[in-house]
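For reference, the structure discussed in these notes is given below.
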């Protein structure tokens with residue numbers, strides 16, 4: 001098999017937030033991953049694990065004055081986004097890399113019609129594009145996300161649409177420039193399950209049609225298992241495990257991954273109580289030294305409180321960062 | 001005396017703990033210029049169910065289906081437009097506010113969002129003690145403090161934290177405070193309205209286990225409202241499925257899960273993302289078209305017919321209840 005050239009490569013990315021003169025919070029520490037063309041990469045983690053910050057850093061959308069990037073390279077088709085002049089970067093934003101946010105309510109401007117907002121995306125990237133051409137492209141984009149009567153939608157305001165419709169519009173808007181990479185930050189969390197199923201289905205279809213690569217961020221393991229080809233599990237600003245989706249859910253190696261999988265009530269689970277991870281997710285201010293999971297981990301030893309473990313290769317394409325991955329029972 | 005106790009025991013066996021009969025809640029939607037409503041939001045329509053003592057009744061449905069409304073009607077937060085609620089045989093809906101008050105002590109609520117349901121200016125201990133104060137359950141400050149400490153320990157909090165303010169707690173701990181607060185009046189019945197939805201996955205499991213422990217310890221009865229079918233499946237003994245203000249299917253949890261009858265129930269279960277490869281393979285995906293219609297002027301006849309793949313002409317008439325098997329009922333024309 002020929003080695004595929006990755007579309008996006010994130011190498012050793014760290015992100016700090018400056019709170020005041022003295023405090024510097026380490027939101028993301030030494031995260032590396034890659035996305036191949038046409039592939040869906042899922043990033044899973046609980047609140048505050050750095051999954052959103054990681055993805056915001058790809059397009060440098062973090063609050064500029066407060067954010068420091070001490071280390072890291074972000075290579076998009078070989079170009080380093082990290083050190084790119086702002087003008088060049090904005091040509092990539094929304095054009096080659098698009099984003100879909102969680103809240104379809106707040107991501108749109110309530111004062112402009114859907115049509116105005118969608119056409120703006122096109123015309124910002126190509127000033128010479130004629131209005132009529134942009135209009136036509138938008139109609140097509142709306143039709144592609146299976147919303148009936150696109151002409152009417154173009155004239156309506158965001159508040160007149162339901163949550164599911166609005167999220168479809170967001171997807172249409174992100175896809176209208178035919179990006180190579182789509183970053184979705186919890187795109188279905190605010191939606192009901194039947195609507196979520198519709199939207200996920202649609203995203204899969206669009207991905208197949210256009211060959212777009214997707215980074216899919218969520219805290220819902222079920223959604224990730226249906227959407228992703230490969231999964232990163234993040235905890236406390238670190239990547240703790242990465243593997244192909246089925247491999248990860250059948251043979252988790254990191255204690256945190258095992259805990260996450262066990263805490264979800266599966267229909268096949270016969271026990272009376274759920275197995276659970278004790279304690280709570282640490283905040284950025286009191287992140288423990290060494291492996292961030294060590295204070296909740298049942299296998300933790302002295303070494304876990306001192307150094308963050310190196311990545312070990314458990315099987316092909318399956319990496320895990322745990323001092324004890326060899327001794328923890330497989331399958332949890 | 002003995003006779004009376006015997007009678008009461010028999011009575012409790014024959015009657016369900018809590019019964020709702022044809023509960024209906026309509027909110028005014030639009031009014032004419034004079035403040036008279038001209039259209040109504042049908043939040044709940046003729047909802048009838050029973051909650052067995054010491055068990056958990058799960059209520060599932062999408063947003064806007066009226067599941068929270070039902071919980072709030074039971075607790076007298078909303079006054080039902082029509083219908084009756086019986087609590088151990090007593091009709092609550094006919095009682096005056098004064099007569100109703102003792103029942104407020106016996107029925108409590110845990111809200112969804114632990115961030116907005118706690119007063120930021122009260123200390124955790126005082127939040128928990130609110131019920132104790134309201135019903136004068138403690139005769140001295142020492143007794144009050146002791147009770148608060150006991151409740152906190154029971155819910156997995158440290159009594160030393162009683163002087164802390166809500167913002168000093170994490171989301172899971174806050175939800176524990178909410179549960180401790182609900183338990184303060186020694187209730188028999190607790191409505192959990194999306195009690196774990198706002199929490200992280202690893203914390204959800206902790207809270208669910210806590211709820212189950214407490215149920216065993218204090219023989220509590222739960223009405224567990226949630227949109228997460230996996231959680232409802234895990235925690236409930238019986239389930240009702242709601243769509244647009246009406247119950248479309250009800251029965252014991254296992255029977256409904258194994259043998260889903262209503263097309264909406266099927267769609268709802270199949271929309272829940274599968275997890276392991278085995279689950280994925282077993283699953284029959286059924287994706288519904290369109291959105292939930294507006295509860296203002298809902299469709300005539302079967303309310304699901306606009307999205308139902310099996311809809312036919314007869315669905316324009318109101319469907320009746322049918323027995324699928326014992327303890328499992330469905331409201332659909334397919335079973336005529």
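The values are calculated or read from the model by the stated rules, or taken from the named source; none is laboratory data. Everything quoted here is computed from the prediction, not taken from an experiment. Positions of Cβ are backbone-derived with ideal geometry, glycine not excepted, and every protein chain shown enters the neighbour counts.
Within region A:285-317, being touching a residue at least 60 places away in the same chain (Cβ under 8 Å), surrounded by fewer than 19 Cβ atoms within 10 Å (Cβ to Cβ) and outside any loop (DSSP other than H, G, I, E, B) holds for A:285, A:315.
Quick check: is even one residue across region B:85-98 under 26 Å from residue B:244 (Cα atoms), free of Cβ contacts under 8 Å to residues at least 60 places away in the same chain, under 17 Å from the mean Cα position of the chain (by Cα) and more than 14 Å from chain A (Cβ to nearest Cβ)? Within region B:85-98, not a single residue is under 26 Å from residue B:244 (Cα atoms), free of Cβ contacts under 8 Å to residues at least 60 places away in the same chain, under 17 Å from the mean Cα position of the chain (by Cα) and more than 14 Å from chain A (Cβ to nearest Cβ). Only one entry in B:215, B:206, B:173 is within 14 Å of chain A (Cβ to nearest Cβ), part of a helix (DSSP H, G or I), touching a helix residue (DSSP H, G or I) at 6+ places or on another chain (Cβ under 7 Å) and modelled with pLDDT of 90 or more, namely B:206. If you go through region B:220-242 one residue at a time, do you hit one that is in a helix (DSSP H, G or I), more than 10 Å from every other protein chain (Cβ to nearest Cβ) and closer than 15 Å to residue B:330 by Cα? No - not one qualifying residue is present in region B:220-242. For the condition within 14 Å of another protein chain (Cβ to nearest Cβ), in contact with a helix residue (DSSP H, G or I) (Cβ under 8 Å, 6 or more places away or on another chain) and without any contact (Cβ under 8 Å) to a residue 12 or more places away in the chain, residue A:197 qualifies. Within region B:291-314, residues that are more than 25 Å from residue B:27 (Cα to Cα) sit with their Cβ atoms under 7 Å from residues that are in a loop (DSSP other than H, G, I, E, B), at 6+ positions apart or across chains, in these pairs: B:311/B:305. Take the conditions (1) surrounded by fewer than 20 Cβ atoms within 10 Å (Cβ to Cβ); (2) closer than 16 Å to residue B:304 by Cα; (3) touching a strand residue (DSSP E or B) at 6+ places or on another chain (Cβ under 7 Å); residue B:237 misses just one of them, which is (2).
Here is a list: A:102, A:117. Which entry is in a loop (DSSP other than H, G, I, E, B) and either closer than 27 Å to residue B:289 by Cβ or touching a residue at least 24 places away in the same chain (Cβ under 8 Å) (or both)? Outline the logic, then answer.
Details: A:117 fails: in a loop (DSSP other than H, G, I, E, B).
One residue alone meets the criteria, A:102.
Scan region A:37-61 for residues that are more than 14 Å from every other protein chain (Cβ to nearest Cβ) and out of contact with any strand residue (DSSP E or B) (no Cβ under 7 Å at 6 or more places or on another chain) and the total you get is 3.
Residues of region A:92-111 include at least one that is surrounded by 14 or more Cβ atoms within 10 Å (Cβ to Cβ), more than 19 Å from residue A:189 (Cβ to Cβ) and out of contact with any strand residue (DSSP E or B) (no Cβ under 9 Å at 6 or more places or on another chain).
The residues on offer are B:185, B:153, and the sole one that is part of a helix (DSSP H, G or I) and surrounded by fewer than 19 Cβ atoms within 10 Å (Cβ to Cβ) is B:153.
Yes/no matrix, rows are residues, columns are (1) surrounded by 21 or more Cβ atoms within 10 Å (Cβ to Cβ); (2) at positive phi; (3) free of Cβ contacts under 8 Å to residues at least 24 places away in the same chain:
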{"position": "B:192", "(1), (2), (3)": "yes, no, no"}
{"position": "B:218", "(1), (2), (3)": "no, no, no"}
{"position": "B:224", "(1), (2), (3)": "yes, no, no"}
{"position": "B:251", "(1), (2), (3)": "yes, yes, no"}
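When you go through (1) farther than 30 Å from residue A:280 by Cβ; (2) assigned to a strand (DSSP E or B) one by one for residue A:64, which number turns out not to apply? It fails just one condition, (2).
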